[in-house]
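Accompanying notes for the structure given below.
The values are calculated or read from the model by the stated rules, or taken from the named source; none is laboratory data. Note that the coordinates shown come from a computational prediction; the quantities given were computed from them, not determined experimentally. Here the Cβ is made from the backbone with ideal geometry for all residues, glycine too, and neighbour counts use every protein chain on show.
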Amino acid sequence: MSKERNALIDQNFRLNEEAVEDRDHGAIQRLAYGFELDRREFFKLLGGGVLVCAWAGPLRAQESGARARENSEDKLPQSIDGWLHIGEDGTVTVYTGKAELGQNIRTSLSQQVAEELRTPISSIRLVMADTTLTPFDMGTFGSRTTPIMGSQLRKVAASARDVLIQMAAARWQVDAAKLVAANGTITDPATRKSVSYPDLIKGQQLVKLIENDPPLTPAEKWHVAGTPIPKLDGRAFVSGQHKYTSDMTRPGMLYGKVLRPSAFHANLTSLDASEAEKLPGVKVVRDGNFVGVASPEQHTATRAISLLHAQWSAPQQPTEAELFEYLKKSSSGERRGNDQWGPSVYELGSVKEGLATAEKTLNQTYTVAYIAHVPLEPRAALAEWQEGKLTVWTGTQRPFAVRDELAQAFRIPSEQVRVIVPDTGSAYGGKHTGDAALEAARLAKAAGKPVKLVWTREEELTWAYFRPAGVIDVKSGVRGDGTLVAWQFDNYNSGPAAIRTPYNIPNQRIEYHPADSPLRQGSYRGLAAPANHFAREGHMDELAHMLGRDPLEFRLKNLTDQRLRAVFEAAARKFGWGREKSSASRGFGIAGGAEKGGYVATCAEVELNQGEVRVSRVLEAFECGAVVNPDGLRNQISGAIVQGLGGALFEAIQFDNGRILNPHLAQYRVPRFSDVPQIEIEILDRKDLPSAGAGETPMVALAPAIANAIFAATGIRLRSLPLVPEGLPKKG
Amino acid sequence: MPITLLVNGAERRVEAPSDQPLLYVLREQLDLTGTKYGCGEGQCGACTVLVDGRPVRSCRTPVSAAAGKKITTIEGLEQDGKLHPVQQAFLDAEAFQCGYCTPAMIVAAAALLNENPSPSEQEIMRRMEGNLCRCGTYPRIVAAVRQASSVARKP
């Protein structure tokens, strides 16, 4: 196969992989963003100052000589997004469609603006995830905030700085290139004249349109970005003052609650609401299969639901015992299953020929269970209708998509819907959809009053979507000297993220097979990357042991990616890999990989005591280019490790015939204080490389590192996640 | 029924069924929303408040059982604009991510330090086991509680 053809296949595969991922995220086409406020209105809202705008979408490529130009029209064109406003008091307001969910981007994005605008971070205020005020954004997922929104805001801020320098140059009649911006002030070193940003723009009402890509400050020269700035509004969180969606109220607000069906895919056949309707102030709404109530108090709403007598009819649905067989069976044949994008295949060389030249081959199957996100703030929404317009506050990762969901559901133009996302009590990929928003809006419409609806934990663990379960078959061939020669990897249902191997293998066939999922499924932190790494890095470990080679040495022998090698080597060095041999009571494992611009290697130590498995130490080396906030990054990495422990060791959704069997925290175990190992983090700060996101990839190598450590100690190879929901299985 | 509660040093009169969980009275009637709903089954600890200095799960505590007792919520820890040492330690260690579990973590830790001013790491972990942080910020929380233990005062 020619190089060109490989490259083409590679590109197509990647495109398809991205398309599938975007589908996973429910990606929607870019809408023409309607900037609804005209210039006078905008300044009425903000006071005077300078508003920096850009054409919708990415900034245009460099045009020689082009600079930010003033827009003389009173009405801004529809395709213009307002990104940054500098007020007459020096307050910098930045507009971004990204949502803060605990990943600390309110701070890290502010740092990047402060850096490029050369202004104190205390003067910056971010307006986030408000479909009326912020430019369109596809959503907060895929570790895209840092690489994409971060660089967008840097460009906007750098352009704004340039606008200010131009203004000062015009005022002083000097060459702009000679002026210096620092600490919110522009100075002319020749004349020692200086002017603060507020003084410079006092009395102005300017709209500046950015037309070119400005040069950005390289990470080596960062002063504000790249430093461990504390969370900007941290005090509001420790004092209990921050208002999450679930804490908000509106005048006259009612509490909503939904009657959940008896099983998935059930139809409502009858409803007797007479008893519930007798409760004072209770409004019962039935609309198709939707049944909900609204009441002035939460407890009355709950009581009303308990007084509804409903009959449901539900179809027979697969059981958990037949899950993996069902997934494989339902994916057989081209474009079966519920995946509109169909399968994606990557091929290189010939696996058949590769296997023929292999001295040893290995054929194994790995599985992963459905798991739940369990965001501590459940799905919540507060909906209010006013003169046919709908405003919804809700914790979602995709405010613009939820806006469109609402517009469709109520058959109104999306301009009539405003979705606002208060900084939210976590999501982990679980809050892409607008379920609670739709429910609250439906009830509010019927009640004629604002309605707040907060899902219960049981609803979260039943009616939210899950991380897909999956089956992964791996067939490999290796030469006696440890060189990989063949690799076949078939993923059924769990997804294509990080499905490709980073190891050098001349003959590969890698395929993602969509399937019919018995349960509602969707994105979860890292998408399928944890599953695909579990299978791949577990299999690599099996091959190393089969050959009698050290698992790290075997990996490095087949690996030339320098960034991945660097994290493997850093992790091994800091962990002391190979210093102590695994014993029956203590095992050491290693795994690694690369995804979404992040490179990770994880070493795990497990202690075994009478069938009990405890992860006692985790060391992770991580590299994501130039680090924007090292303290925030450590928090994300450490958190990903702790959360990853649950999916690795014991988390699993149990189900039968369209019902969840463990929808309570007493039954669905998530990591607690006592589960936490000693965690060490080694960050490789590559100031020479673009910054990548870090919300997901730090999680992907944990489960295989633990499974490999368990094998090293016990000789028991665990190929299913969770590994030890009921302790170590007997050898056999 | 009318019930008188002593919340954060003030007498508050509320109207609620006697079996209504304290959590909803605090949040809906008194607008003390720092205390959170997390599971309603006493498993996550997000609803932790102090009743007569002891941490309780307000989602499982009938409002009538708290009547006449001293109730302290996260809003009552800060005094004269000065954060409680545990709050300050959480802020300094940035012992949170999304922050949803944080108020209850702080309330639980304040109660622990009130009882035992210098707990070991093991004791902190054992006593806080009922409080969930889904973002996995546990190591920083333990560090913050240890930091606060040297300067803690009574809540």
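At-a-glance table
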{"item": "A:Ile641, sole failed condition from (1) facing chain B (nearest Cβ under 9 Å); (2) in a loop (DSSP other than H, G, I, E, B)", "result": "(2)"}
{"item": "Condition met for A:Asp213 (within 14 Å of chain B (Cβ to nearest Cβ) and buried (at least 16 other Cβ atoms within 10 Å of the Cβ))", "result": "no"}
{"item": "Selection from the range B:103-155 of residues that are within 15 Å of the chain's Cα centre (by Cα), at the interface with chain A (Cβ under 10 Å from one of its Cβ atoms) and polar (S, T, N, Q)", "result": "B:Asn131"}
{"item": "Residues satisfying the stated conditions in the range A:387-422, i.e. crowded, with 17+ Cβ neighbours inside 10 Å and either touching a Cys at 6+ places or on another chain (Cβ under 8 Å) or basic (Lys, Arg) (or both)", "result": "A:Arg398, A:Arg403, A:Arg418"}
{"item": "Within the range A:296-326, tally of residues that are assigned to a helix (DSSP H, G or I) and among the aromatic types (Phe, Trp, Tyr)", "result": "2"}
{"item": "All positions within the range A:250-288 that are more than 29 Å from B:Glu28 (Cβ to Cβ), in contact with a strand residue (DSSP E or B) (Cβ under 9 Å, 6 or more places away or on another chain) and outside any strand (DSSP E or B)", "result": "A:Ser262, A:Ala263, A:Phe264, A:Ala266, A:Gly288"}
{"item": "Residue identified as out of contact with any Cys (no Cβ under 6 Å at 6 or more places or on another chain) and not assigned by TED's automatic domain parsing to the domain that holds B:Arg126 among B:Ala67, B:Ala46, B:Ala93", "result": "B:Ala67"}
{"item": "Subset of the range A:194-212 [without any contact (Cβ under 8 Å) to a residue 40 or more places away in the chain and in contact with a Lys or Arg (Cβ under 9 Å, 6 or more places away or on another chain)]", "result": "A:Val195, A:Leu200"}
{"item": "Filter result for A:Leu376 (under 20 Å from the mean Cα position of the chain (by Cα) and aliphatic (A, V, I, L, M))", "result": "yes"}
{"item": "Qualifying position, being hydrophobic (A, V, I, L, M, F, W, C), surrounded by fewer than 18 Cβ atoms within 10 Å (Cβ to Cβ), in contact (Cβ under 8 Å) with a residue 60 or more places away in the chain and outside the structural domain of A:Gln152 (by TED's automatic domain parsing), among A:Leu689, A:Leu619", "result": "A:Leu689"}
{"item": "Residue, nearest to the other protein chains (Cβ to nearest Cβ), within the range A:228-286, restricted to residues that are closer than 30 Å to B:Phe90 by Cβ and among the aromatic types (Phe, Trp, Tyr)", "result": "A:Phe237"}
{"item": "Number of the condition not met by B:Gly99 [criteria: (1) more than 8 Å from every other protein chain (Cβ to nearest Cβ); (2) under 13 Å from A:Ser239 (Cα atoms); (3) small (Gly, Ala, Ser)]", "result": "(1)"}
{"item": "The range A:632-652, subset without any contact (Cβ under 8 Å) to a residue 60 or more places away in the chain and out of contact with any helix residue (DSSP H, G or I) (no Cβ under 7 Å at 6 or more places or on another chain), residue surrounded by the fewest Cβ atoms within 10 Å (Cβ to Cβ)", "result": "A:Arg634"}
{"item": "Residues within the range A:424-449 that are assigned to a loop (DSSP other than H, G, I, E, B) and within 14 Å of chain B (Cβ to nearest Cβ), tallied", "result": "8"}
{"item": "Any hit, the range A:601-614, residues being within 14 Å of chain B (Cβ to nearest Cβ) and of a type outside the set (Phe, Trp, Tyr)", "result": "yes"}
